[in-house]
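See below for the structure under consideration.
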Amino acid sequence: MNAFLLALTLALASGEASTSDATATIHIKNFAFAPASLTVPAGAVVRFVNDDQEAHTVTAEDRSFDSSGLDTGNAWAYRFAKTGRYAYFCALHPYMKGAILVVTAGSKK
């Protein structure tokens, strides 16, 4: 398997997704995630865009996902395949927090 296919396979297995597949977007601005909480159906891709002048991360509290450093203007996307609540924060600025609630597709929550 060539390096590109291996990287793509690992990214898909980990939940990372293409930013062009995003069904919802969270902006990082003024040292906050906006919106701070979001409800999406299982399988949704959420794109995180750093609109701030400082680098930030999107890091799951349980460390199940991590964007690494996002510089100004950078975006990162993650596919939330399973239902549940996913709390996250910025590893560089731990007071920045957010949560994604993933519900069964078609749910009215």
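Label residue 29 and residue 105 with points 7 Å out from Cα along Cα→Cβ: what is the distance between them in nm? About 3.1 nm, to one decimal. Given R0 = 22 Å, the distance between the Cβ atoms of residue 20 and residue 95 translates into a calculated FRET efficiency of 0.10.
The label point for residue 72 and the one for residue 36, both projected 7 Å from the Cα toward the Cβ, are 2.6 nm apart. Taking every DSSP beta bridge that has both ends in segment 3-103, the antiparallel portion is near 70%.
Read the figures in this text as sums done on the coordinates, not as results from a lab. Here the structure is a predicted model, which means the values were calculated and not measured. For neighbour counting, all protein chains shown are included, and Cβ atoms are generated from backbone atoms with ideal geometry for every residue, glycine included.
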